[in-house]
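In what follows, a structure is listed as structure tokens, so that the remarks can point back to it.
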Amino acid sequence: MADDLKIWPRLKRLMEYISADPAIREAAVKGDEESVFRLVGKDALSAADLKEAISGILAYQYPNQRKTDMTENRFFDLLCAHDREIINRIKERYDDCTFRDPGMDRFNHSLYARTRVETPLLRSRPFIRYYPVMFELSEGCSVHCFFCALDAGRLQKNFLFTPQNEELFRGVLEVTRELIGDMASSAACYLSTEPLDNPDYEKFLLRFKEIFGYYPQTTTAAAERDPKRMRGFMEQLGKEEMEHHALRFSVRSLQQFRQIMDLYTPEELEDVELLFNHMESDTRFSDSGRVRMLPDHVREKLFLMNYSIVCLAGLCVNFASGTLRWIEPEVPCDEYPLGYRILEETSFQTVEEYRQEAERLLRAYTAPGLDHDRPLFFTKGVSPDFEGNMVILQSAGSVLRVTGNQIFQDSIRLLSEKKHTFRELCGEMGLSTFSSGELKKKLTPLYEKGYIRC
Ligand code: SF4
């Protein structure tokens, strides 16, 4: 165990070099340990460990290409154990958190199901869930990443830590917890913003911790900008929060990756996840926002189609502009190029105004089950088929078979033609109160399983 702790920072760093740098990846795949050792330089594992570590990393990173048995590979074991530990730690923290409102809970469950129906990749990532609220502390962003999935505008303004703003921040967070429940603690303090653009980010985070008990997760694309500030921030977070994945670095280019490797030791980054977004890395990211302007052949090779990176389904609170939006993730497409849709936008200046508006949005968009007056429609990619008394709903890689009478089948046909509210469906088919109730019982599971939405 003590040995593992010593090895971990360097093993993690080696894995990052292999993922991020094509020259090192090529040498690793060829089994050319000498070149890997030379290219990684001072941070490399010992030459004696390198061969086993490389094969453990390759097997872990590229399971489909695994050629050798990994039962005896201690580095492979260490990587898998570390993964499990992180997922468990985060699960433990949020598993007991609940939504105060049953409507919000139900909405969140059906959204989870719906995104799995739309995006096959998410089915293998059950731990990806949706935040019910996000707080932004700037308007716009100064970093201008070429891959910005949210196509953030230029930095306009920061919300500074004045006594008045501190009071507003504290009040809004307290009201949010009251309205949403302790699940609000899973929020982050950025979305279409770079957290470190705000010079007072750390001060606001301290208030967040006072209210929710722990720090929110931070992802920065500007890790190299001010190493002194970054080290101070890591110290503020402390070991326990760092071990709960409180800090991630988004990597914009190979050059920035090398800068980060030079600026921070493996030990300093042992709990920091590096997210590789640069072209030369082995990871692929969402085909949304700014990347949709790249040539098609580049998009198809490097980007994930049908995948939204938006992890918010609920309130997006921007303190710098005083706006409040209700946002839901969508598969990126011409209609929703940023991978989300804004169902409503409003504004607030005081805590009371925020309470009123947030409460109204929650009531409007988190119906507990099928709402009679909101249009119902099929989830993207779902097409219905009929076989005898069976309705078959099919999406990319997932199938649901449901038996049902003529009324149920007719309702599915009507929905496949165009959006209808539940009330319109019943009216068009001339259903009695009893038949409407029966139809609702049949359609509700389709909503809960994410095949139809409203
Ligand atoms: S990805 Fe993040 S840091 Fe980069 S431009 Fe977009 S909002 Fe800013």
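The values are calculated or read from the model by the stated rules, or taken from the named source; none is laboratory data. Given the structure is predicted, the values throughout are model-derived calculations rather than measurements. Cβ sites come from the backbone with ideal geometry, for glycine too, and all protein chains shown count toward neighbours.
So, of the residues in the stretch 252-303 that are among the acidic types (Asp, Glu), in contact (Cβ under 8 Å) with a residue 60 or more places away in the chain and farther than 20 Å from Arg231 by Cα, which turns out to be nearest to the ligand (Cβ to nearest atom)?
Among them, the one singled out is Glu280.
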- Query: Applying the selection to the stretch 187-205, what residues are surrounded by fewer than 21 Cβ atoms within 10 Å (Cβ to Cβ) and over 23 Å from Leu269 (Cβ atoms)?
  - Reply: Pro199, Asp200, Lys203
- Message: When you check Ile24 against the structure, is it closer than 30 Å to Ala188 by Cβ, in a helix (DSSP H, G or I) and outside the structural domain of Ser186 (by TED's automatic domain parsing), yes or no?
- Response: no
- Mind checking which strands (runs of 3 or more DSSP E) fall wholly inside the stretch 277-349 and carry at least 1 residues that are at negative phi and small (Gly, Ala, Ser)? 312-318, 340-347
- Message: Tell me yes or no: at least one residue of the stretch 166-188 is closer than 30 Å to Ser398 by Cα and within 12 Å of the ligand (Cβ to nearest atom).
- Response: no
- Query: Given the structure, is Leu196 of a type outside the set (D, E, K, R), in a loop (DSSP other than H, G, I, E, B) and either within 16 Å of the ligand (Cβ to nearest atom) or at pLDDT below 95 (or both)?
  - Reply: no
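Farther than 18 Å from Arg13 by Cα, within 16 Å of the ligand (Cβ to nearest atom) and either within 21 Å of the chain's Cα centre (by Cα) or in contact (Cβ under 8 Å) with a residue 12 or more places away in the chain (or both): does that describe Glu202? Lay out the reasoning, then the answer.
Details: farther than 18 Å from Arg13 by Cα: yes; within 16 Å of the ligand (Cβ to nearest atom): no; either within 21 Å of the chain's Cα centre (by Cα) or in contact (Cβ under 8 Å) with a residue 12 or more places away in the chain (or both): yes.
Taking the combined requirement at face value, the residue does not satisfy it.
If a residue must be surrounded by fewer than 20 Cβ atoms within 10 Å (Cβ to Cβ) and β-branched (Val, Ile, Thr), how many such residues does the stretch 288-308 contain?
Of the residues in the stretch 288-308, 1 are surrounded by fewer than 20 Cβ atoms within 10 Å (Cβ to Cβ) and β-branched (Val, Ile, Thr).
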- Message: Based on this model, can you work out whether Tyr354 counts as under 20 Å from the mean Cα position of the chain (by Cα) and touching a residue at least 12 places away in the same chain (Cβ under 8 Å)?
- Response: no
- Task: Give the residues of the stretch 21-44 that are in contact with a Lys or Arg (Cβ under 9 Å, 6 or more places away or on another chain) and within 16 Å of Thr283 (Cα to Cα), sorted by residue number.
- Result: Asp21
- Which one of these does Pro102 not meet: (1) surrounded by 14 or more Cβ atoms within 10 Å (Cβ to Cβ); (2) in contact (Cβ under 8 Å) with a residue 60 or more places away in the chain? (1)
- Message: Looking at the stretch 39-54, I want the residues that are outside the structural domain of Trp8 (by TED's automatic domain parsing) and have a partner that is among the hydroxyl-bearing types (Ser, Thr, Tyr) with Cβ atoms under 9 Å, at least 6 apart or on another chain. Which pairs are those?
- Response: none
- Item | Which listed residue is touching a residue at least 12 places away in the same chain (Cβ under 8 Å) and surrounded by fewer than 21 Cβ atoms within 10 Å (Cβ to Cβ), from Ile128, Ile180 | Ile128
- Message: Take the residues in the stretch 309-358 that are aromatic (Phe, Trp, Tyr), crowded, with 21+ Cβ neighbours inside 10 Å and touching a helix residue (DSSP H, G or I) at 6+ places or on another chain (Cβ under 8 Å); name whichever of them is farthest from Phe276 (Cα to Cα).
- Response: Tyr354
- Residue among Asp96, Asp83 that alone is of a type in the set (Asp, Glu) and closer than 30 Å to Leu370 by Cα: Asp96
